[in-house]
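The structure appears right after this line, and notes come after that.
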Amino acid sequence: MKKGFVFLALLMSMTGQMAAQDLTSVDLYLRDIDGDEHSFQEYLEAVRTGGEKGAVFISFWAMWCEPCKQEMKALKSTYEKFKDKNFHYLAINLDNPRSIAKVKAYVRAQQLPYDFWLDPNSEVFKKLNGQSMPYSLLVNQDGELITKRAGYIAGDEHEIEEDIKKILE
């Protein structure tokens, strides 16, 4: 029995799933890639007023993280599919301030349609218990954390899309 419980706990931690938590009290202030400051609570409020249901996929990434970049590319079609249904993708970059020009160039070259914020000191990443990348959180319109993921392998985008669909439908 003990072995089964340990295996189940290990399996849950590997998939990155967790019980729902409330992020409505988490106050985050970050700048976007153009230098404008944003509040996570104001961002979430815009999602709340954007429709009856809504979802935000928050993804922490860096230029050196190939799985991060693969995840962002793989989710483009999911974003396009759900953006008119009040789905938002917030990509938070963790590169140092000297790399901002490279980040901007990459985002524009890849034509990534997401909102890009910067967390150069990883303060928000740490505050939200990030330990490895890519690290992503899926939040509903009320700020409730629905899923938490660490890592990305090809095919994960299908599971992420299903999680988004459950929130929006």
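The values are calculated or read from the model by the stated rules, or taken from the named source; none is laboratory data. Nothing here was measured: the structure is a model prediction, and the numbers come from that model. Every residue, glycine among them, receives a Cβ derived from its backbone with ideal geometry; neighbour counts consider all protein chains shown.
With respect to L118, is the statement that it is in contact with an Asp or Glu (Cβ under 8 Å, 6 or more places away or on another chain) and either within 17 Å of K69 (Cβ to Cβ) or not charged (D, E, K, R) (or both) true? First the steps, then the outcome.
Working: in contact with an Asp or Glu (Cβ under 8 Å, 6 or more places away or on another chain): yes; either within 17 Å of K69 (Cβ to Cβ) or not charged (D, E, K, R) (or both): yes.
Yes: the conditions hold for L118.
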- Being touching a Lys or Arg at 6+ places or on another chain (Cβ under 8 Å), modelled with pLDDT under 85 and not small (G, A, S) is the filter here, so list the residues in segment 5-48 that pass it. T15, Q17, M18, V26, L28
- Do we find a residue being crowded, with 17+ Cβ neighbours inside 10 Å, in contact with a Ser or Thr (Cβ under 6 Å, 6 or more places away or on another chain) and part of a loop (DSSP other than H, G, I, E, B) anywhere in segment 53-75? no
